[in-house]
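In what follows, a single structure is set out as structure tokens and then discussed.
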Amino acid sequence: MKQNFRKAFNALEKIGAPVFENEDGMFISGEDNCDEIWADYYDCMHWAHDGWLFGVNGKINKILDKYGLFAEWVNPGLLGVYEA
């Protein structure tokens with residue numbers, strides 16, 4: 001995993017975001033929203049404030065931006081993380 005991905009991964013884990021990696025890359029679950037809503041494909045209420053962008057929590061976006069990354073929906077339950 002590239003250094004910027006590793007740093008972002010560690011920062012996301014530290015805040016409790018549901019991040020994981022496998023042989024295909026780095027991902028964030030859109031289904032693990034028990035303690036906090038991290039990502040919600042269908043919830044339009046959060047899309048326009050507090051740093052939320054396309055259903056992704058502003059805390060996640062802030063960390064990804066810091067490392068030159070962004071999240072994009074793979075399907076309604078999964079976000080892929082990619083270089084900007």
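The table that follows gives values for the structure above.
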{"read-out": "Separation in nanometres of the label points that stand 7 Å from Cα toward Cβ, at Asp50 and Lys66", "value": "1.9"}
{"read-out": "Under 18 Å from Lys14, Cα to Cα: aspartates and glutamates that are on another chain or at least 8 residues apart", "value": "Asp32, Asp35, Glu36, Asp65"}
{"read-out": "Relative contact order (%) - the chain, alpha-carbon pairs under 8 angstrom, separation at least six", "value": "28"}
{"read-out": "Rounded, prolate or oblate (a/c below 1.5 giving rounded, otherwise prolate when a/b exceeds b/c) for the chain by Cα gyration tensor", "value": "prolate"}
{"read-out": "All aspartates and glutamates inside 15 Å of Lys62 as judged from Cα atoms, apart from same-chain residues fewer than 8 positions distant", "value": "Glu13, Asp50, Glu72, Glu83"}
{"read-out": "DSSP-loop GluC sites (Glu not before Pro) across the chain, with at most 16 other Cβ within 10 angstrom", "value": "Glu23, Glu31, Glu36"}
{"read-out": "Which of Asn61, Ala39, Ser29, positive extreme of dipole for the chain (C-beta unit charges)", "value": "Asn61"}
{"read-out": "Cβ-derived FRET efficiency at R0 35 Å, Gln3 paired with Cys34, nearest 0.05", "value": "0.70"}
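Any read-out appearing in this document is the output of simple, stated calculations on the displayed coordinates, not a laboratory observation. Since the model is a prediction, treat every value here as computed from it, not as a measurement. All Cβ positions, even for glycine, are placed from backbone atoms using ideal geometry, and neighbour counts span all protein chains on display.
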